[in-house]
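The values are calculated or read from the model by the stated rules, or taken from the named source; none is laboratory data. Source: prediction; values computed, not measured. When we count neighbours, we look across all protein chains shown, and the Cβ atoms used for this are built from the backbone with ideal geometry, even at glycine. In case anyone asks, the SASA skips ligands and DNA or RNA and just uses the protein heavy atoms, side chains included. Shrake-Rupley method; radii C 1.70, N 1.55, O 1.52, S 1.80 Å.
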Amino acid sequence: MKSFTYERATSPAEAATAAARVTGAKFIAGGTNLLDLMKLQIETPSHLIDVNNLALDKIEAMPDGGLRIGALVRNTDLAADERVRRDYGLLARALLAGASGQLRNKATTAGNLLQRTRCPYFYDTDQPCNKRKPGSGCAAIGGVSRQLAIIGTSEACIATNPSDMAVAMMALDAIVETARPDGTARSIPIADFYRLPGDTPHLETVLEPGELITAVTLPKPLGGTHIYRKVRDRASYAFALVSVGAVVQRDGTGRLALGGVAPKPWRITAAETEMPRGAKAVAARLFADAKPTRDNAFKLTLAERTLSAVLAEARG
Amino acid sequence: MSPAMTPARLKVSFTVNGEKRVLELDTRTTLLDALREHLHLTGTKKGCDHGQCGACTVIVDGRRINSCLTLAVMHEGERITTIEGLGTPDRLHPLQAAFIKHDGYQCGYCTPGQICSAVAVLDEIEAGIPSHVSADLAARPQLTAAELRERMSGNICRCGAYSNIVEAITEVAGRQP
């Protein structure tokens with residue numbers, strides 16, 4: 001690990017200002033992803049700003065019936081919250097499908113949104129990777145790509161977003177609240193939060209340098225049946241090959257987002273209009289522009305079958 | 001060395017197994033390395049050092065975490081419990097005794113992490129925290145083998161003592177009111 005200086009921030013504004021002031025600074029909250037990457041020298045911050053004391057660890061009811069989730073709410077606490085379990089079961093299920101009990105106890109809501117890909121070539125510093133080292137090339141294209149993305153990819157990158165939680169947030173139309181170094185705040189709909197790789201795969205979100213996530217808000221509950229179905233190589237503690245998060249209403253309409261298939265949680269609202277017609281029609285819309293590799297073309301079949309299972313489960 | 005090359009050091013104080021400890025550490029020191037290398041509490045084990053195996057599991061302010069994926073300086077004022085704080089050879093924690101009785105290990109390397117994790121798992125079930133295999137999110141989680149297997153999945157045992165570990169935890173859970 002490279003040496004770094006460390007400070008404990010006492011307010012979101014102070015944290016954002018410090019991050020913009022010090023070159024090479026990064027925020028640290030749970031640290032479960034960042035420290036892993038620092039040990040491998042994939043991340044080499046010169047300064048860490050510990051944001052754990054910012055009192056952003058509450059889940060509050062909103063006047064419109066929604067919920068405001070503080071950036072520092074731990075994954076365990078979010079999944080266990082009575083309101084989340086009752087009204088946003090998709091989110092609780094997605095959180096519980098991710099990582100291990102130890103990691104969920106540390107990992108935060110904002111940190112989960114920002115976790116980096118587990119593409120093996122991103123992790124292997126002996127290999128080229130445009131995300132880790134812009135312009136160096138992509139070893140995953142033409143390499144071992146069974147786990148990697150089938151849609152939303154580019155000539156520069158085929159990495160997947162690894163988050164389960166973000167899939168639920170996407171289907172639920174969450175809004176990301178931030179504090180910026182200039183003292184202003186903004187609200188970013190999650191549909192606009194993630195970037196596709198294009199020719200800049202190292203830029204993964206629309207966050208600006210020093211911008212700090214302070215909360216994630218959920219609109220009022222949608223009702224319906226909430227399902228998160230995750231298909232992986234072992235029964236627990238593994239990243240998704242394919243996952244489907246869904247909210248399905250009694251008339252068969254609803255929302256859908258997928259994990260494990262794209263560089264961001266994959267949601268196409270036009271595909272949702274096909275939900276009453278079944279999985280084949282939905283998958284046709286979701287994956288019209290898919291560009292799988294030889295190794296991961298199976299994900300197209302797997303995604304359609306997982307969608308089929310989810311829609312069948314929702315019918316009861 | 002230029003100033004930029006000088007490793008940054010910071011003072012941190014926390015409680016380990018009931019005892020207040022003050023350390024001055026390189027900021028890079030993980031909680032795991034602080035426990036093992038600076039406080040010589042070598043019960044907590046370093047397996048993968050990347051949060052994948054669970055051998056380093058300790059309990060901080062009542063919650064189990066991977067001590068390899070957290071910096072020591074991030075734990076100012078916190079209460080840390082390691083395997084040495086749960087029991088001693090003369091006064092074993094009930095889970096330590098149950099692991100021996102049920103042969104819940106072979107080489108023993110993962111065992112301190114397994115036991116710290118198991119202690120917290122029983123508290124998590126008691127607190128009503130659901131898991132991936134809980135059928136009903138609204139109901140209280142049950143103390144089934146399926147629940148224990150899922151909740152213990154962050155602790156890898158390469159000797160494969162899993163079924164005996166579940167038996168050990170089940171026995172202790174059954175004794176709790």
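In the range A:2-36, which residue that is in a loop (DSSP other than H, G, I, E, B) and more than 10 Å from chain B (Cβ to nearest Cβ) is surrounded by the fewest Cβ atoms within 10 Å (Cβ to Cβ)?
The extreme case among them is A:THR23.
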Practice prompt. Would you be able to tell me the number of residues in the range B:126-136 that are within 11 Å of chain A (Cβ to nearest Cβ) and either open to solvent by 20 Å² or more (accessible area, probe 1.4 Å) or under 22 Å from B:CYS157 (Cα atoms) (or both)?
Written response: 6
Worksheet item: Out of the range B:145-155, which residues are in contact with a helix residue (DSSP H, G or I) (Cβ under 9 Å, 6 or more places away or on another chain) and either surrounded by fewer than 19 Cβ atoms within 10 Å (Cβ to Cβ) or in a loop (DSSP other than H, G, I, E, B) (or both)?
Response: B:ALA145, B:ARG149, B:MET152, B:SER153, B:GLY154, B:ASN155
Worksheet entry | Given (1) closer than 15 Å to A:LEU113 by Cα; (2) not in a loop (DSSP other than H, G, I, E, B), index of the condition A:LEU203 fails | (2)
Worksheet entry | Candidates A:ARG74, A:ARG68, A:ARG83, filtered to the one that is basic (Lys, Arg), touching a residue at least 24 places away in the same chain (Cβ under 8 Å) and touching a helix residue (DSSP H, G or I) at 6+ places or on another chain (Cβ under 9 Å) | A:ARG74
Worksheet item: Restricting the search to the range A:92-106, which residues are facing another protein chain (nearest Cβ under 7 Å), small (Gly, Ala, Ser) and closer than 16 Å to B:LEU148 by Cα?
Response: A:ALA97, A:SER100, A:GLY101
Response to the item:
Within the range B:29-44, the residues that are touching a helix residue (DSSP H, G or I) at 6+ places or on another chain (Cβ under 6 Å) and either closer than 10 Å to B:ILE83 by Cα or within 11 Å of chain A (Cβ to nearest Cβ) (or both) are B:THR29, B:THR30, B:LEU31, B:LEU32, B:LEU41, B:THR42, B:GLY43, B:THR44
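Being of a type outside the set (A, V, I, L, M), within 19 Å of A:LEU113 (Cβ to Cβ) and facing another protein chain (nearest Cβ under 9 Å): is that true of A:ASP57 here?
No: the conditions fail for A:ASP57.
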Discussion item. Anything in the range B:8-28 that is open to solvent by 50 Å² or more (accessible area, probe 1.4 Å), within 9 Å of chain A (Cβ to nearest Cβ) and not in a strand (DSSP E or B)? List them, or say none.
Written reply: B:ARG28
Worksheet item: Is the range B:163-173 home to any residue that is crowded, with 20+ Cβ neighbours inside 10 Å, more than 8 Å from chain A (Cβ to nearest Cβ) and part of a loop (DSSP other than H, G, I, E, B)?
Response: no
Worksheet item: Do we have B:THR44 as polar (S, T, N, Q), in contact (Cβ under 8 Å) with a residue 60 or more places away in the chain, open to solvent by 20 Å² or more (accessible area, probe 1.4 Å) and under 27 Å from B:ILE129 (Cα atoms) here?
Response: no
Discussion item. Cβ-Cβ under 8 Å, sequence separation 6+ or interchain: first residue in the range A:232-247 and on the phi > 0 side of the Ramachandran plot and within 14 Å of chain B (Cβ to nearest Cβ), partner part of a loop (DSSP other than H, G, I, E, B) and open to solvent by 10 Å² or more (accessible area, probe 1.4 Å). Which pairs?
Written reply: A:TYR237/A:ALA99; A:TYR237/B:SER153
Practice prompt. Go over the candidates A:GLY70, A:GLY89, A:GLY66 one by one and state the one that is facing another protein chain (nearest Cβ under 9 Å), modelled with pLDDT of 95 or more and touching a strand residue (DSSP E or B) at 6+ places or on another chain (Cβ under 7 Å).
Written response: A:GLY89
Response to the item:
Of those in the range B:68-91 that are loosely packed, with under 15 Cβ neighbours inside 10 Å and more than 14 Å from chain A (Cβ to nearest Cβ), the residue nearest to A:LEU54 (Cα to Cα) is B:THR88
Worksheet item: Of all residues in the range A:294-313, how many are open to solvent by 10 Å² or more (accessible area, probe 1.4 Å) and among the polar types (S, T, N, Q)?
Response: 2
Discussion item. One residue is enough: does the range B:109-125 have a residue meeting the conditions more than 8 Å from chain A (Cβ to nearest Cβ), open to solvent by 20 Å² or more (accessible area, probe 1.4 Å) and either over 30 Å from B:THR27 (Cα atoms) or aliphatic (A, V, I, L, M) (or both)?
Written reply: yes
Worksheet item: Does the range B:48-63 contain at least one residue that is more than 14 Å from the chain's Cα centre (by Cα) and open to solvent by 20 Å² or more (accessible area, probe 1.4 Å)?
Response: yes
Worksheet item: Pairs, please: C-beta under 7 Å, at least 6 apart or cross-chain, first residue hydrophobic (A, V, I, L, M, F, W, C) and in the range B:141-157, second open to solvent by less than 40 Å² (accessible area, probe 1.4 Å) and assigned to a loop (DSSP other than H, G, I, E, B)?
Response: B:ILE156/B:CYS53; B:ILE156/B:GLY54; B:ILE156/B:CYS110; B:CYS157/B:CYS110
Practice prompt. Please verify whether the range A:37-59 includes one or more residues that are open to solvent by 60 Å² or more (accessible area, probe 1.4 Å), over 26 Å from A:ARG21 (Cβ atoms) and in a strand (DSSP E or B).
Written response: no
Item to complete: Being of a type in the set (D, E, K, R) and not in a loop (DSSP other than H, G, I, E, B) is the filter here, so list the residues in the range B:49-94 that pass it.
Response: B:ARG63, B:ARG64, B:ARG79, B:GLU84
